[in-house]
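To keep things clear, I will list the structure first and then write my remarks on it.
The values are calculated or read from the model by the stated rules, or taken from the named source; none is laboratory data. Note that the coordinates shown come from a computational prediction; the quantities given were computed from them, not determined experimentally. When we count neighbours, we look across all protein chains shown, and the Cβ atoms used for this are built from the backbone with ideal geometry, even at glycine. Remember, those area values only see protein heavy atoms, side chains included, never the ligands or the DNA or RNA. Shrake-Rupley method; radii C 1.70, N 1.55, O 1.52, S 1.80 Å.
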Amino acid sequence: MKKLLQLTQEQKDLIDSKGINITDLSALTREVFGDEKLDGRTKEGRAVREYLAEKEIAYQTKHIDKKEDVELTEEQKEFIANNCSPTISSLELAKLVFSDGSIKNMSKEFWAVHDYIKNNKLNIFSEETALNVKYTPPRADSKVVKKINDCVGEDIDLEKLNVQQKRCIESLKKFMSAPRFLQVISTYCNLEDRDLFEAEFVRASWDKPDLTTDEINLYINVCMDYIHLKRIQSAMDKLNRMFDEAQDQQDLTVRLAELLKTKSEEYNQCEKRMESLISKLQGDRSKRIASQVEKNASILNLVQLFQEEEERKIMVKMAEMQKKLIAEEVDVLEKMPDWKSRVLGISKRDVI
């Protein structure tokens, strides 16, 4: 243990005379020792503080005494066990347990609640966890088609895909393999949240193969907000149940009412943000498509369609069938009496 610095009588007298007017420990230490570099944490400051305590002279210090660890009561432990939920944070629960809205993150009260939840494994998700399950985007066309049919309610037949459907499937595979999509979906530890995120993304983007990178990112943001809304609603439901059960506890009901108001505001903000994003996406894409249609003449669209091998074969086959049908009709006409042929003026040579 370090030996405390001994003050001289002169220094003690100076403290007695100056301590009444100079209440700040650091300022008084600098005055007594004549050194502006000193403060209440130095050995000189500790000596002054010891003398002030001995003389029962009040002083102030900027140092904040370390709070003692908070011990939860049995009643508080029971409250935490009954109301703990993945949708309610440890901070929110701590404010309810101690009926104190001023509790901050990392405070003693926060850690008391957080450690109790962690040590007793109270916040384990009741739903199936995806914590150790790596998300793998679909690679095969059959898997992509199944996701579209399941999420959107379509009835796409893999064996009877048209050109547009093939484009959509190829684009969706690229969208779901994008780095940001994989990064975001991998952050969800709850399998239900992960499935909902994926389903909403498929619903929003599967029939839009022309999406730009920025638009894909915006659709990802919209899907994230869907999950956020789900979680907020779940937390509000939990708080409402807690409010109903705490009608006879005024402090707790006041705090619950404040939390419910905060959650409601958060829910409304999230909804407005989603509406704004969706409106922007629909508007920007509509403008782009309209501009593209104006630039491309109808004949160019036909040429583009004709370039597709499958469509080209269909069109050639239709032309051959039409030609064959005309030839058969001419054969019928040529078998008519000569005077009818002369009157009608039709011969096979003229038609074909």
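Does residue 259 meet the test of being modelled with pLDDT under 80 and either over 20 Å from residue 84 (Cα atoms) or not charged (D, E, K, R) (or both)? So residue 259 fails the test. Restricting attention to the range 160-183, the residues that are hydroxyl-bearing (Ser, Thr, Tyr) and under 15 Å from residue 218 (Cα atoms) total 0. Suppose the filter is of a type outside the set (Val, Ile, Thr), modelled with pLDDT under 85 and under 30 Å from residue 229 (Cα atoms); does residue 83 pass it? Considered against the rule, which asks whether it is of a type outside the set (Val, Ile, Thr), modelled with pLDDT under 85 and under 30 Å from residue 229 (Cα atoms), residue 83 comes out as yes. Scanning the range 289-325 for residues that are acidic (Asp, Glu) and modelled with pLDDT of 70 or more yields a single hit, 320.
Restricting to the range 199-217, name every residue that is of a type in the set (Ser, Thr, Tyr) and more than 21 Å from residue 146 (Cα to Cα). Those that are of a type in the set (Ser, Thr, Tyr) and more than 21 Å from residue 146 (Cα to Cα): 212, 213.
You will find that of 286, 279, 234, the residue that is within 30 Å of residue 182 (Cβ to Cβ), at pLDDT below 85 and part of a helix (DSSP H, G or I) is 286 and no other. Residues in the range 149-188 that are of a type in the set (Val, Ile, Thr), more than 26 Å from the chain's Cα centre (by Cα) and closer than 18 Å to residue 203 by Cβ: 156 only. Reported count of residues in the range 204-231, each being open to solvent by 50 Å² or more (accessible area, probe 1.4 Å), more than 22 Å from residue 153 (Cβ to Cβ) and either outside any helix (DSSP H, G or I) or in contact (Cβ under 8 Å) with a residue 60 or more places away in the chain (or both), is 2. Kindly check whether there is at least one residue in the range 60-68 that is at pLDDT 75 or above, open to solvent by 60 Å² or more (accessible area, probe 1.4 Å) and more than 45 Å from the chain's Cα centre (by Cα). No, the range 60-68 contains no residue that is at pLDDT 75 or above, open to solvent by 60 Å² or more (accessible area, probe 1.4 Å) and more than 45 Å from the chain's Cα centre (by Cα).
Based on this model, can you work out whether residue 92 counts as surrounded by fewer than 18 Cβ atoms within 10 Å (Cβ to Cβ) and at pLDDT 80 or above? Against the criterion (surrounded by fewer than 18 Cβ atoms within 10 Å (Cβ to Cβ) and at pLDDT 80 or above), residue 92 does not qualify.
Picking from residues in the range 106-132 that are open to solvent by 90 Å² or more (accessible area, probe 1.4 Å) and more than 25 Å from residue 191 (Cβ to Cβ), the one that is modelled with the lowest pLDDT is 106.
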